[in-house]
Structure formats: structure tokens, C-alpha cells
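Only the coordinates and a few stated rules stand behind these numbers; no lab work does. Note that the structure is a prediction, hence the values are computed from the model and not measured. Counting neighbours? That spans all protein chains shown, and the Cβs are built from the backbone with ideal geometry, glycine included.
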């Protein structure tokens, strides 16, 4: 309602605010016009009653007339319609009871009309609760009076006043006009509210449709992004597979020292490019919410050796001293957790430490903070003597595609996703990473992780100090020549690579250029294992595997199948196993990893 209103205001527009609801506007209009109507009606009644010499009714009517003037002025100056409504109903109730018990000493048509008007007015103006109260205040005393009158128990030493027919007509007419006006105002308000509600509902429906379309577009956009990343990763990984694979084969072939150095540079660059591709895909996978943590057995000492073995070579090439220290308490235990994600976190932290440390030391520690027999809490820390991080940049370094400064990116390279991936992976497990850093003095990243402990005993490995040696990644002297291997691959370069790699193990493979051809070769040949690419023309690897599993010959239907693919769809592993394949190797793969999986699926258990 308006707050700045002149005392001499008589305008309705000044007391109705645009912020008022439709119902409240109807209530204010009802009060405004109702008080005007009551002023003229009571004036006419006062003149009529006065000339009939009805003393009590004259006084009552005079007070009502004065009250209507005062309340009208109150409404147009300080429009508190709720308070004014209560005052009107209280005055009306008292006036009605005075007429019944004192003036008229009877319940007639005028009394009934007044009660009906009060009931309607109180319900519409103040709601159900107050409507019930004012209805009871008017009806109960009148009913009591009627009972007393019926039993001849109501005796008063005062002669009741009699009004003529003109007064009755005037009262009834005024009451009907007021009742009609009440219904008219609120019918208009209710119908307007219903129209607005329907309009709002239609607008909401339209908004919901737009919202659903927006969601659909967003989902399609997300699917398109995922498909794009998968396709691009496949297209990038496929030539990388050839580059890394050929580098491994050439290194295995005993090159001259100068050739070996060139090959190592080639292999390092290819692995660096692969790391960038993997970072983008991993971050996209984490952000999609589709990441699932495993809970498998592992030994922490062996895991840390595996993570840091390859990294140590990189550190040594830069002239850095690498120190790995795993608490002996943890070395003796078999833990439950997700070694893949732990590897990802530690690997990113160590890679960063090596990248941003021109000279000095790298310390990697796994310290047992608390041993409760069935669980252990381990503190992981990676510390370096590198360039450090400015205090004001400690928060921003965890943002995706962000490094401390543009000069840092230009000098050291990278996507800026490593620490973002670390932070997200830890947050998904309810963990927080701590950073301590000083410019030109180095940095330390640390976090605590709790692991359930298995009852198994672990083989103790020596992981203290800097003597960690990386494991050989390629087996060059192993003989698998007795195996009949089918390679389903459509890329000629990858076919050549697979032939050369398998020849190192004395294997001469059969080649199928698509899934349909692979089914034909399996149907008419005898193979011990199939290396199945997934994305091929004519028929893909999934469909080919499903058809092979349907073959009548149990030996052929159960032939081991390893998926070889450069695809990076989030559900690729799940699809691989659902289609009936036995294992999965992602391109570019390590020859040693492929060798172990072939051996595991084809060699009899001793």
C-alpha cells in the first residue's frame, strides 16, 4: 500500500498499490464503496427514525453514521484494511445485538439481513477463521434470544420500539445492495485470479517446454562432446599406437647408441602427447560423474614402486635426486582401495614435481599415520625443490586448464589439467589436498587416505631411498610360437605393427580386416586367441564377438578374446565385458602388458 498519503486524500487510486494482490484490491474497493454506501444509507435511516421518535435506534444509528465517516477517513489516510474491517464488524455486531435485545426486542427480517451481511463480509474480508468467529458472535446471541423469547423467559421493563414499513424496506434494500456488492467485487477478483492463474499456468507450461528442450539440447551437446572426444582420442591414439609401438620394436632390435637416443626422444614425445590426450579424457570422465571407484587388493609398497619406477628415469635424466620412502608398516599389509586412481593422483603430483624442478631433489613419501589393525590411515606427500608457487596463486592452480602464469605454461608446457584431476579425484572420495609452497624454494602436496586392511600377508619390498629401478616394459625373449593368433584390425599401420611385435614372440598371426571376416576365419580355422579391434568397417568388434560366442562348437564359442582399441568412451570396459570379451588393452599399449594378458588367457594353470 502507499505510504505517502495526504490527510485530505479521498481518492481510491492513492490507497491501492500495484503490489497488492487481486483479492486485497477487491477488499479495499469493497471497504471504500461500502463505507460510502453505508454513509448515505445510515443518513436516510437516521432521518426516517428520528421523525418516528425512536430514541434507542436514533442514538445507535447516529453512532453508526459517525463511525462510517471516521472509518472512511482512516481508510483514505492510513489504509490498513484489516484493522478497519475488524472495527466495522465489532461495531456492526454490537449494533445488531442492541437492536435485538434492547431496541426492537425481536428478530425480524432486518436482523436476519444484517447477520447475513456480517457473515459474508467477515469471511470474504478476513478469511475462514475470523469469519467463523464473527459468525458465532452474531448468531449465538440471537439464537439464545429466540430461545428465551420462545419460552417467555425474556422480560425487560422497556417498551420495544416499532419501525414503520419504510424503514424495513430501506434496511432490507441496503442489505441486499451490500450483499450484491460483496459478491460482485469478489466474483470479479476470483475470476481475474483464475484467468491469471490459467495464464501463469500456460506460461509455466511454455517455460517447461523450453526448459525440456534446453535440457534435451544440453544432453545432446554433452553426448556430442563425449562422442567428439572419443572419436578424436581414437584418431589420435591410433597413430600414437603406431609411433610408440614402432619405437619399442626398434629399441628392442638393438640399435646403435645414437639411434637409441633418437628413438628414446621419439618415444618420450609420443608418450607426452598421449599423456595430454589422457588428461583431457580423464577430466571429462570425472566431470561427467560417471567415474566409479574400485575396491581391490593391493600392496602399497609395490604400487608406489610401480608408480615411481618410470618417473625415476625421467628425474635422473634431468639430474634430479629421486627419493621414495614407504612406511614399513604399510609395506607388510595388503590394503583395499582403487590402485588405478591412487596411481593417477601420485603420478600427476610426481610428474609436476619433476617438470617444475630444474635442479635438486624429489621426495615421495607414504607414511602410516594410524594403524587400527582393520584400517590404516596413510599420508601421501610429494615434495620438490622446484620453482614454487606464489601464495596468491595457490587456489587457482587447481582450476582446469590453469597454470600459475602464462610464462609457466610457455616454459614448461602441459594442459593445466593434472592438479585439477588430482583435486577432483580426491574430492570424490571426500578427501582434501594440502599445499605448502614458497617461491624458488619448492612445493609440497600431501593428503591423507584411509584403507581397509586385508588379513593376507604382503611380500615385503625394499622401497626406501632412491634405489628404485623401473621394471622392464617389453619381454623380447619369450616364446609364444605355439599359439595360433587371429588379429582383427583394419588399420594397415597397426597391422604391420602387430605383425612385427608378435614376431618377437615367434607368433605368425592371421589377419582379419573387419569383424565379418574375423567370424569367417574363426568358423573355418583353429585359433588359440583373438586380438579384436573394436571400431572396424562392415562389422565392429562388439558384434563380431557376440556372433562368435553364439557358435555351436564350444571350443570356438569360448575362444579367449582381448579387445584392442584406441576408443575412450566412458562405458567402453563395460561394453567389452558385456559383449563376451575376456580382457581389454587400450592403445597405445605396453608390449609387456599385452604379453601378460595373452599368456594368462592361453597358458594352462600349473
Using r as the Cβ-Cβ distance of residue 526 and residue 493, and R0 as 25 Å, what FRET efficiency do you calculate, to the nearest 0.05?
0.35
Classified through the alpha carbon gyration tensor (a ≥ b ≥ c as square roots of its eigenvalues; rounded if a/c is under 1.5, else prolate when a/b is larger than b/c, else oblate), the stretch 485-602 comes out rounded
Quick one: if you stick a label point 7 Å off each Cα along the C-beta vector at residue 168 and residue 506, how many nm between them?
12.9
Among 298-305, 386-393, 160-167, how do they line up by average Cβ neighbours within 10 Å per residue, starting with the highest?
298-305, 386-393, 160-167
Calculate how large, on average over all directions, the projected area of the Cα convex hull of the chain is; give the answer in nm² to one decimal.
49.9
Length gain on complete extension for the stretch residue 21 to residue 575, per 0.36 nm per residue less the alpha carbon to alpha carbon distance?
193.6 nm
Ranked highest first by average number of other Cβ atoms within 10 Å, how do 515-521, 10-16 line up?
515-521, 10-16
Cα Rg, Dmax, the stretch 295-457, angstrom units
15.8, 51
Mean 1/r over all different Cα pairs, inverted: what Kirkwood radius does the stretch 1-119 give, in Å?
15.5
The residues 99, 157, 371, sorted from fewest to most surrounding Cβ atoms within 10 Å, come out as 157, 371, 99
Residue span residue 180 to residue 206: 0.36 nm per residue of separation minus Cα-Cα distance leaves a gain in nm of 5.5 nm
Under the 7 Å Cα-to-Cβ spin-label approximation, residue 395 and residue 453 lie apart by a distance in nanometres of 3.9
Where both partners of a DSSP beta bridge lie in the chain, what percent of those bridges are antiparallel, to the nearest 5?
60
With each run of n ≥ 4 DSSP H residues scored as -39500 (n - 2.57), what mean residue ellipticity at 222 nm is computed for the chain after dividing by its residue count and rounding to the nearest 500 deg cm²/dmol?
-19500 deg cm²/dmol
Full-extension gain between residue 150 and residue 66, please, as 0.36 nm times their residue separation minus the C-alpha to C-alpha distance.
26.7 nm
Relative to the longest principal axis of the chain, what angle (0 to 90°, nearest 10) does the C-alpha long axis of helix 257-287 take?
20
